[in-house]
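Participant: Mind having a look at this structure? Questions to follow.
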Amino acid sequence: MKIWGRKRLRTCLSMLLAVVCFLTSFLFVNIDSNAQDEEDHSFYVLDEGGNPIKIEIPEESVVKKFRNSMVSLFSLEDGGISPRSGDEIGVLRFVHSNSGKTIDYTEVDTGRAGYFYGYSAGDAAYIRTEGDYYICKLSGVVMKVHKSHVNRFSEYNESEKISYYWVADNGYLMHSYTYYYSNDETSLSMMSTRVGHKPTYLEKDVKYYSYDGHYFYTDFAKMIQDYRGNTYQNAINVDTPYYNYYQYLSFHTTAPFTAEQYDGYIAQQNKPTSVMLTTGSAFVATQKQYTVNSLLLYGIAINESAWGTSNIAITKNNLFGWNAVDSSPGESANYFKSVEQCINEFAYQIVHIGYLDGMDRRYRGPHVGDKHSGMNVKYASDPYWGEKAAARGYYLDTEKIDYGRYTIGIARSGMIRFYKEADTSSTCIYTSDARDGTYIYDFPVTILETVTGSGGNQFYKVISDMSLTNDRNQKDLEAIYDTSRDYVYVKASDVQIVFDGSGNITPPSQPDTGEQGKTHAQVLAALNVVHSGNQLTGFAVGGDVSTIISKVKALDSGIGVVVKQANGTQVTTGIIATGMTISITTNGTTIDYSVVIRGDVNGDGKQSALDYVILRNYLDNKYTLNGAYLTSADSNRDGKVSALDYVVLRNYLDRKGTIVQ
């Protein structure tokens, strides 16, 4: 009887194994688009030159076949594939969230909910299993993820693609990370981001492991051992954690770069359709008005808009993926009349009174950060978004003009208090916690000076995350930021210095603009035109080419200006018309601009019945318009061509309305 029972048991186990093998041979993946937050969750990787490359993931469900070898390594449990014992050393590979692209998790140290995009992070350090959940580490966060969000556990070995850090020949610290460029598991690939100048304890030709970017290990197993023990005792820099300068610098600092330096950097990329070609003056002006760091804004804009060439950047002047939610990025994204308006409003509405407002649910500190702290937590589902935005500082500031001007400290643990004066009995203006009262770990402060307070205690005078009232007794969240007023004090014992800056927070002197020549922005301002990418609007209808050339030469006779008709013929006189090209050369940089006269759809410089007919045929799908001609058809300037433009043009021809250039 016992023998027969064992046979039956073996038979049942064999049948169960067959079922398991069949089930694990397929995995159905639904990557429906469903944004977790109202902001953009665009997914970019950076190539070796620092260029953001957008990764497109198909929107259909797919069937993925697993490798046969996986059957002997893993078992199917509650919709997820888990290690057999929970003691394995390796990484988790993610799939989609059941509700959409992003993967939901809970922060182990705070209990707050979070999310990230599974395709932008191909691995996370596996720590342990707790029932139906995995505990793992990614982008600085020890997170609890449901098993249904994981499709594979990879044991650590040299052949597996796993994220790591390394030192390049030029002395930069690089982060190589895994990602999926399609919805197939075999599409796992790697890209690298420049994360800063190497610290002294890191060497070339060594692979370093870290899933927070602060503590580095040469032994992967020892890293996992530390993560399981909630310690960093085996890290090679246990006493000196690394914090990427630009990733933890306060937004309320300033960068010393000029409009010409920003424009020149964009011009070097050879992207003629970019709407960022002449935006340097806007970044500089916005920084001056709101004290929001122009370089940090610039880095976010480049990565979010792919150097100003993305569809919503070109059609909506939206550089920051503002409201471009995953479910409808093109339709939901905000439209702006100009890129200048977008930059200005983003700095004030999103950064200053949004993510840096201590009472806002998105507040996680004053920096771009990662998924543990900073703007990255709630703004982007890409866990490396903050790292990529910060990288722009290193690609642009190769001479270290800006790098290291400020001293940065990190809160040692839990909540710290920010006082009006260097005295704990003075008013506590705010604390370093989220709106729900939970602590914000890896919380940075940008230090202005060290002062001795009451009782001989040491305090740091630091940049306030928020603007204050004129008497500095409390926050005034909507006030324009004022560096002479908006500072607070924190106990020195509460903060660990992680970057000892030069203290030189006065922008270095710039070359005389007279010797340098006029910027492209100054030339366009003299012409009184509006630029969006390589297109110019705002010309007077019927204006003469000679007038344009004269205005440019009057500004600076050394500026080169060439005007060509749509067929390429150079002209010096005649009516300015849609489709013409104006090439402007100043400071050794030439940019070609396309002329747009709204309502002049056929490019003859006038608005007539012929334009009306062409527009009507276009709306009836009988005629094709593109480039400057398509923009000219947008008579009401709402960013699209529709029947409303047809009505505006008709009313203009009937002398019942106007067309604003």
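The values are calculated or read from the model by the stated rules, or taken from the named source; none is laboratory data. Please read these numbers as outputs of a predicted model, since none were measured by experiment. Methodologically, a virtual Cβ is constructed for each residue, glycine included, from the backbone with ideal geometry; neighbour enumeration extends over all protein chains shown. For the accessible areas, the whole protein counts, side chains as well, though only heavy atoms, and no ligand, DNA or RNA atoms are used. Shrake-Rupley method; radii C 1.70, N 1.55, O 1.52, S 1.80 Å.
Participant: Can you go through A380, A333, A390 and tell me which one is buried (at least 19 other Cβ atoms within 10 Å of the Cβ) and modelled with pLDDT of 95 or more?
Facilitator: A390
Participant: Residues in the range 537-560 that are over 18 Å from R598 (Cβ atoms), touching a strand residue (DSSP E or B) at 6+ places or on another chain (Cβ under 9 Å) and assigned to a loop (DSSP other than H, G, I, E, B): how many?
Facilitator: 3
Participant: What tally of residues in the range 585-628 results from selecting those that are of a type in the set (A, V, I, L, M, F, W, C) and under 15 Å from Q535 (Cβ atoms)?
Facilitator: Matching residues across the range 585-628 total 7.
Participant: Do any helices (runs of 4 or more DSSP H) entirely within the range 574-661 hold 1 or more residues that are touching a strand residue (DSSP E or B) at 6+ places or on another chain (Cβ under 9 Å) and open to solvent by less than 10 Å² (accessible area, probe 1.4 Å), and if so, which?
Facilitator: By residue number, 627-632.
Participant: Determine which member of the set Q225, Q233, Q247 is of a type in the set (S, T, N, Q), within 21 Å of the chain's Cα centre (by Cα) and open to solvent by 10 Å² or more (accessible area, probe 1.4 Å).
Facilitator: Q247
Participant: Looking at the range 209-218, is at least one residue within 17 Å of S139 (Cβ to Cβ), modelled with pLDDT of 95 or more and polar (S, T, N, Q)?
Facilitator: Within the range 209-218 (the criterion being within 17 Å of S139 (Cβ to Cβ), modelled with pLDDT of 95 or more and polar (S, T, N, Q)), the answer is yes, since at least one residue qualifies.
Participant: Let me ask something else. Given (1) in contact with a Lys or Arg (Cβ under 6 Å, 6 or more places away or on another chain); (2) loosely packed, with under 15 Cβ neighbours inside 10 Å; (3) part of a strand (DSSP E or B); (4) not acidic (D, E), where does L448 come up short, assuming only one miss?
Facilitator: (2)
Participant: Right, next: Within the range 122-139, work out how many residues are assigned to a strand (DSSP E or B) and open to solvent by 10 Å² or more (accessible area, probe 1.4 Å).
Facilitator: 4
Participant: Then there's this: Could you list all residues from the range 193-204 that are of a type outside the set (F, W, Y), more than 16 Å from Q247 (Cα to Cα) and either open to solvent by less than 40 Å² (accessible area, probe 1.4 Å) or touching a residue at least 12 places away in the same chain (Cβ under 8 Å) (or both)?
Facilitator: Scanning the range 193-204 gives L202, E203, K204.
Participant: S484: closer than 17 Å to V292 by Cα, surrounded by fewer than 17 Cβ atoms within 10 Å (Cβ to Cβ) and more than 26 Å from the chain's Cα centre (by Cα), yes or no?
Facilitator: Yes; evaluated as a whole, the condition is true for this residue.
Participant: Right, next: Scan V601, V648, V545, V562 and give me the residue that is touching a Ser or Thr at 6+ places or on another chain (Cβ under 6 Å) and under 18 Å from T315 (Cβ atoms).
Facilitator: Unique residue meeting the criteria: V601.
Participant: Let me ask something else about it. Limited to the range 398-449, what total is found for residues that are of a type in the set (K, R) and farther than 25 Å from S484 by Cβ?
Facilitator: Taking the range 398-449 and keeping what is of a type in the set (K, R), we get 400, 405, 412, 417, 420, 435.
Remaining after also requiring farther than 25 Å from S484 by Cβ: 400, 412, 435.
So the answer is 3.
Participant: Somewhere in the range 408-421, is a residue basic (K, R), farther than 26 Å from G111 by Cβ, in contact (Cβ under 8 Å) with a residue 40 or more places away in the chain and surrounded by 21 or more Cβ atoms within 10 Å (Cβ to Cβ)? Please lay out each step first, then the result.
Facilitator: Narrowing the range 408-421 to residues basic (K, R): 412, 417, 420.
Then drop every residue that is not farther than 26 Å from G111 by Cβ, which leaves 420.
Right, trim to in contact (Cβ under 8 Å) with a residue 40 or more places away in the chain and you get 420.
Within this subset, residues satisfying the condition of being surrounded by 21 or more Cβ atoms within 10 Å (Cβ to Cβ) are none.
No: zero hits.
Participant: Going by the conditions given, is D109 at pLDDT below 95, under 30 Å from D433 (Cα atoms), charged (D, E, K, R) and assigned to a loop (DSSP other than H, G, I, E, B)? Write out each step before concluding.
Facilitator: Numbers: at pLDDT below 95: yes; under 30 Å from D433 (Cα atoms): yes; charged (D, E, K, R): yes; assigned to a loop (DSSP other than H, G, I, E, B): yes.
Yes: the conditions hold for D109.
Participant: With the condition kept exactly as written, say whether any residue in the range 140-149 is within 21 Å of M375 (Cβ to Cβ), in contact with a Lys or Arg (Cβ under 6 Å, 6 or more places away or on another chain) and in a strand (DSSP E or B).
Facilitator: Within the range 140-149 (the criterion being within 21 Å of M375 (Cβ to Cβ), in contact with a Lys or Arg (Cβ under 6 Å, 6 or more places away or on another chain) and in a strand (DSSP E or B)), the answer is yes, since at least one residue qualifies.
Participant: Under 6 Å by Cβ, and 6 or more places apart or on different chains, what pairs join a residue from the range 298-322 that is closer than 17 Å to H531 by Cβ and polar (S, T, N, Q) with one that is open to solvent by 10 Å² or more (accessible area, probe 1.4 Å) and in a loop (DSSP other than H, G, I, E, B)?
Facilitator: T309/K271; T309/T273; T315/G639; N317/S338; N318/N334
Participant: When only residues in the range 397-407 that are in contact with a helix residue (DSSP H, G or I) (Cβ under 7 Å, 6 or more places away or on another chain) and open to solvent by less than 30 Å² (accessible area, probe 1.4 Å) count, which is farthest from N323 (Cα to Cα)?
Facilitator: Applying the filter and picking the extreme gives G404.
Residue-wise test of (1) acidic (D, E); (2) touching an Asp or Glu at 6+ places or on another chain (Cβ under 9 Å); (3) not in a loop (DSSP other than H, G, I, E, B).
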residue: D212; (1), (2), (3): yes, yes, no
residue: T231; (1), (2), (3): no, no, no
residue: Y243; (1), (2), (3): no, yes, no
residue: E260; (1), (2), (3): yes, no, yes
residue: G264; (1), (2), (3): no, no, yes
residue: S274; (1), (2), (3): no, no, no
residue: Q289; (1), (2), (3): no, no, yes
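Participant: Another question, then. Between a first residue in the range 480-508 that is within 21 Å of R412 (Cβ to Cβ) and in a loop (DSSP other than H, G, I, E, B) and a second residue that is of a type outside the set (S, T, Y) and at pLDDT 90 or above, which pairs have beta carbons less than 6 Å apart while being 6 or more apart in sequence or on different chains?
Facilitator: G501/G404; G501/R405
Participant: Residues of the range 264-280 being among the hydrophobic types (A, V, I, L, M, F, W, C) and out of contact with any Gly (no Cβ under 8 Å at 6 or more places or on another chain), which ones?
Facilitator: A267
Participant: What are the residues in the range 422-445 that are open to solvent by 60 Å² or more (accessible area, probe 1.4 Å) and within 19 Å of Q247 (Cα to Cα), if any?
Facilitator: Y441
Participant: So which of T186, T178 ends up being modelled with pLDDT under 95, over 26 Å from D402 (Cβ atoms), part of a helix (DSSP H, G or I) and within 28 Å of the chain's Cα centre (by Cα)?
Facilitator: T186
Participant: Got at least one residue in the range 89-104 being under 26 Å from A434 (Cβ atoms), modelled with pLDDT of 90 or more and open to solvent by 10 Å² or more (accessible area, probe 1.4 Å)?
Facilitator: Yes, the range 89-104 contains at least one residue that is under 26 Å from A434 (Cβ atoms), modelled with pLDDT of 90 or more and open to solvent by 10 Å² or more (accessible area, probe 1.4 Å).
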